[in-house]
Structures are given as structure tokens and as C-alpha cells.
Amino acid sequence: MRQAGRSLPEYRAVRGTGSILDAIADPELSAEITMQPVRRYGVDAAILYSDIVVPAHAVGFGVDVKPGLGPVVDQPFERASDLQRLRPLEPEIDTPYVLETVRRVVTEADVPLIGFAGAPFTVASYLIEGAPSRTYGKTKALMLGHYVAAVPDRRRGVSHPTV
């Protein structure tokens, strides 16, 4: 329902313009958007309004989500030393807005809340390519090297330990 919710008129009325990351950073708005499909359709679970690049964005990696394009990275990975730019996520410090959104939804909802995380290859490919790619040329090239195996491992520390 996270994707389907974008077609709802009530979503379009409250979402506004700008990056999805701006909307996610607003717990009141995020909780409202999360609950809209539950209220409208009576589904058996709510899906957290979020995005798979929130952790990388929250740790200051330089990721944004451009409307109509998708995730864009200011300085993509190019060498092993770039891994140092991806520090572990500290949820209480880096994403308090996500924690507050979860609290709001759990308080309001009478259905379970489902969260999600990006697969390591998917998120790593955004961080390497710098934008969505159909060919993953840079990612494939780095996979032939030795350090790319460490990108998903390093990224794992950016996800919340319970994910």
C-alpha cells in the first residue's frame, strides 16, 4: 500500500511538493500518509511511509530523492576509501522523526505496522551509480574489484539492528 497510497486523492492533498525525504522527516505528515490506506480500504496492516535511502541520507551520505528520477547521490562510491563516509546509523540521533512516526502510527492504528529496508545490492548500487541505472555498469565494474563486497556489509550498519 505504500506505493498504491500515492494514487489516493487524500495523499495528493497532503503530500505537497519536494523530496519524499522532506515528507518522511515530518512525523505528523508521515503518520498521516501511512494511515490513509488503512482508513480508506480497511487493510489488515499499515506500511510505514518511508524510503530505502533514508538511512544513507540520515547519516549524511549526500543522498536525495529527485521527483521523477529517484535516488541521486552527490558523491558516489569510487574507491575503497569511500566506505569511510558511510558510518553506522544511530536511530535516536539520526532518524528521530522515523521513531516518532512509528510511535504515532502504533498509537493510532489498530492493525500491525510493517516497516521495510532496502536490499544491500539495491542500496549499494544507488551509492555506487549515483542514480538509478538500468545497466549497473559502475556497480558491475566495482564487483570485479575486491572492495565492493564490503559495501553491503558496511551499509548493514546503517540499517537499524532490528531490521
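Nothing in this text is a laboratory measurement; each read-out follows from the coordinates by a stated rule. Since the model is a prediction, treat every value here as computed from it, not as a measurement. Note that each Cβ is placed from the backbone with ideal geometry, even for glycine, and that neighbours are counted across all protein chains shown.
Charges at C-beta only: +1 for Lys and Arg, -1 for Asp and Glu. How large is the resulting dipole of the stretch 4-156 about its Cα centre, in Debye rounded to 20? Let's see the in-between values first.
Details: 17 positive and 19 negative charges, 125 e Å.
Roughly 600 debye, rounded to the nearest 20.
Taking the longest Cα principal axis of the chain as reference, the axis of helix 27-41 is set at about 60 degrees.
Working note: 222 nm ellipticity from helices only, DSSP H runs with n ≥ 4, each -39,500 (n - 2.57), summed and divided by the residues of the chain, gives -12000 deg cm²/dmol to the nearest 500. Quick one: helix 96-108 against the long Cα principal axis of the chain, what's the angle to the nearest 10°, folded into 0 to 90? The angle comes out at about 30 degrees.
Between helix 120-129 and the chain there is an angle of about 60 degrees, using the helix long axis and the longest principal axis of the Cα atoms.
Measuring nothing but how far apart in sequence close Cα pairs (under 8 Å, 6+ apart) lie, relative to its length, the stretch 32-79 scores a relative contact order of 20 percent.
When you restrict to C-alpha pairs under 8 Å that are six or more residues apart and normalise by the size of the chain, the relative contact order lands at 26 percent.
Given the alternatives (1) 17.6, 58; (2) 16.6, 49; (3) 15.7, 47, Rg and Dmax of the Cα atoms in Å as computed for this entry is given by (2).
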